[in-house]
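Colleague: Sharing a structure here in structure tokens format.
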Amino acid sequence: MFGSKPFFQVEPTTACNLNCEICMRSWLNRPIGFMDFNGFKKLLNLNHPTYIGFHGWGEPLLHNQIYDMIAYASSRKITTSLITNGTLLDEKKIRKLFSSGLKEFAFGVYRLKRLEKVSEKILLTTKLKKEFKLKDPKIFLDITVYEGNVDEIPKIVEEASMLGVEAINLHRLFNQHNPSFKALDEEKEAKLFGEIKTLAKKLKLQTFLPSKHTNPCRVVKYGIYITWDFKVTPCCFLPKEYLADALSAKVKDIVKSQPYKDFVKNMGKHTVCSKCII
Amino acid sequence: MPTNDSSTIKNLLTIFVCAGVSATINLSIPMRPILNSLGIFGPAGGMILFGGFIFVLWVTLAHLITGCKKLSGVSTAILIPAFCMLVSPWYGVVDPPWFGVYGVIAFLVMGLMIEFSCKPKLSFARLGIGGGIANLSCLTVTWLAIGFYTHVWPSTRFLPLYLAIAFMSGVVGAVIVLVLTKKTKICQS
């Protein structure tokens, strides 16, 4: 089960133009850097993932070769996805993203007021996709759910539908550094997800909800995290849990190594994993 | 004997039908899983492997059915990307918005190569090599356009293999047509 890692989460950069209060990025205290494009090509030639998610602790559109990275992955028949805060988008960038072969294009939001700030850009994206008669990318709204925004979620979903978004993806907030941002308890979450499912069905929006958290979690079961400086770590919440250098070893060999096996075995006792709810 | 008018209509119909069938096949084949399973990466992986069957075959067929009428191959060829672009942009590239022009140029070259290979007379070797070169030249223009605008180039390691496959695909596509047209005697020339 842990030998195959079809999902690579790749961090193009740790730079971000925003400083969202719910984000762990500033607490991680990591250097700001940008993934080298040639290194990225080497990473793909060394491994053959089926899916790459360009989302790490930074805004991917700040990387000036992000379009080339996506296009290169697409040419290798890899399904690509990207999550952006949307603030840097303009028509030229949207066209470049469409041309790169991107399959899933998500706007990350967590408050209604944040969504309103980028709603024009989302609308432009969905409008251009229709205008160009493109099948891909599928346009998502990626919504982070926590105690502080639970009442806003239905409104955000309605807004998503009005903006022409095709799907919504809800995910739980996990910020181990700031306890003031609490995840929903099971009961509240079940109620909200039920409500959102009904609403999304009515609005004809495809919905993706997180499954029940397990140990080992689904992230570790199917994915691996590659930091901008090519460090392989088990997931984005453990960017300093260095397993190996991504350019010197194949991921399929790294996951067979003793350090990785030990990590998986001890996840239940891990200081971060034991608290994780993702 | 058909009149000139009916023959022109028949030729135009042949060109449109062949281009339409070619575009429909191109749009409906699930390229990604097939190419993935064979380890053929792009860009234009589908053209490398299937170019001969999806494009060269139908352009050659139209050209032969119309009695090798001048520009019938070229017309069929440029109608293929035109039909495909009614459904989606050429290779999904919308930056620049006029990227589709490269699709038309690539197929124009293909059409010219096929027409050239039918002169002065038809033979298996001449038409086969012509079909191979037609697919290769169409692929080369496509690679250059994609490479220039998206910075994705074919792997240098596999380039000779890709070129060989593309050539063979074109050869087979053209030869199939000649066999079919001779057997069914649908060729007007």
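The values are calculated or read from the model by the stated rules, or taken from the named source; none is laboratory data. Owing to the predicted nature of the structure, the values given are computational and were not obtained by experimental measurement. Cβ: placed from backbone, ideal geometry, glycine included. Neighbour counts: every protein chain shown. Side chains are part of the model used for accessible areas, which takes the heavy atoms of the whole protein and leaves out ligands, DNA and RNA. Shrake-Rupley method; radii C 1.70, N 1.55, O 1.52, S 1.80 Å.
Colleague: For A:K250 and A:I32, calculate 0.36 nm times their separation in residues minus their Cα-Cα distance, and state this gained length in nm to one decimal. Numbers along the way, then the final one.
Modeller: Details: separation 218, 0.36 × 218 = 78.48 nm, distance 2.52 nm.
Full-extension gain reported as 76.0 nm.
Colleague: A follow-up question, please. What does the convex hull of the alpha-carbon atoms of chain B project to on average, in nm²? Provide the component values of the computation, followed by the final result.
Modeller: Working: hull surface 43.4 nm².
For chain B, the mean projected area of the Cα convex hull comes to 10.9 nm².
Colleague: Then there's this: Does the stretch A:6-123 classify as rounded, prolate or oblate by the C-alpha gyration tensor (a ≥ b ≥ c root eigenvalues; a/c under 1.5 gives rounded; else a/b over b/c gives prolate, otherwise oblate)?
Modeller: oblate
Colleague: Going by a ≥ b ≥ c, the root eigenvalues of the Cα gyration tensor, does chain A fall in the rounded group (a/c under 1.5), the prolate group (a/b larger than b/c) or the oblate group?
Modeller: Oblate, since a/c reaches 1.5 and b/c is not below a/b.
Colleague: Rolling a 1.4 angstrom probe over the protein chains, ignoring ligands and nucleic acids, what is the accessible area of A:W27 in square angstrom, nearest 10?
Modeller: 120
Colleague: Using a Förster distance of 45 angstrom, determine the FRET efficiency expected from the C-beta separation of A:L46 and B:S6, and round it to 0.05.
Modeller: According to the calculation, E is roughly 0.15.
Colleague: Sticking with this one: With r defined as the distance between the Cβ atoms of A:E147 and B:V87 and R0 fixed at 51 Å, what FRET efficiency is calculated, to the nearest 0.05?
Modeller: It comes out at approximately 0.65.
Colleague: Taking a label point 7 Å from the Cα of A:K135 along the Cα→Cβ vector, which residues of the stretch B:73-87 have an amide N closer than 14 Å to it?
Modeller: B:84-87
Colleague: Within chain A, what percent of beta bridges assigned by DSSP are antiparallel, to the nearest 5? Intermediate values should be presented prior to the final figure.
Modeller: Values: 5 of 36 bridges.
Around 15 percent antiparallel, to the nearest 5.
Colleague: Which of these, B:V109, B:V21, B:V94, has the largest mean-square fluctuation under a Gaussian network model of chain B (Cα springs below 10 Å)?
Modeller: B:V94
Colleague: Which percentage, to the nearest 5, of the DSSP beta bridges contained in the stretch A:130-278 is antiparallel?
Modeller: Details: 4 of 13 bridges.
DSSP beta bridges in the stretch A:130-278 are roughly 30 percent antiparallel.
Colleague: Compute a Gaussian network model of chain A, connecting alpha carbons closer than 10 Å, and tell me which residue from A:V232, A:V150, A:V109 fluctuates the most.
Modeller: Looking only at A:V232, A:V150, A:V109, the largest GNM fluctuation is found for A:V150.
Colleague: With a 10 Å cut-off between alpha carbons and a GNM built on chain B, which of B:I48, B:I176, B:I15 moves the most?
Modeller: Fluctuation is largest for B:I176.
Colleague: Still on this structure: Place a point 7 Å from Cα of A:N178 in the direction of its Cβ. Which residues in the stretch A:11-27 have their backbone N less than 13 Å from it?
Modeller: Backbone N within reach: A:18-27.
Colleague: Between A:A244 and residues 5 or more places away or on another chain, which pairs have amide H atoms under 5 Å apart, with H built 1.01 Å from N, and which residues are they?
Modeller: Sorted by chain and number, the residues that satisfy this are A:V232.
Colleague: Within 10 Å of each Cβ of B:145-153, how many other protein chain Cβ atoms are there on average?
Modeller: The shielding value for this peptide is 4.
Colleague: I'd like to compare B:33-42, A:33-42: which one has the highest average count of other Cβ atoms within 10 Å, and what's the full order after that?
Modeller: A:33-42, B:33-42
Colleague: Still on this structure, please answer the following. Provide a whole-number value for the mean count of partner chain Cβ atoms within 10 Å of the Cβ atoms in peptide A:92-104.
Modeller: For peptide A:92-104, the averaged partner shielding equals 4.
Colleague: Now for a different question. Please list, in order, the residues from the stretch A:30-57 whose amide nitrogen is less than 16 Å from a point placed 7 Å along the Cα→Cβ vector of A:Y242.
Modeller: Counting backbone N atoms under 16 Å from the label point, the list is A:30-33.
Colleague: May I pose another question? Once the mean 1/r over all distinct Cα pairs of the stretch A:131-210 is inverted, what Kirkwood radius in angstroms do you read off?
Modeller: After inverting the mean inverse Cα-Cα distance, the result is 13.4 Å.
Colleague: Rounded, prolate or oblate: pick one for the protein assembly as shown, where a ≥ b ≥ c are the square roots of the eigenvalues of its C-alpha gyration tensor, a/c under 1.5 means rounded, and failing that, prolate if a/b is larger than b/c, else oblate.
Modeller: Details: a/c = 2.82, a/b = 1.99, b/c = 1.42.
Prolate, because a/c is 1.5 or more and a/b exceeds b/c.
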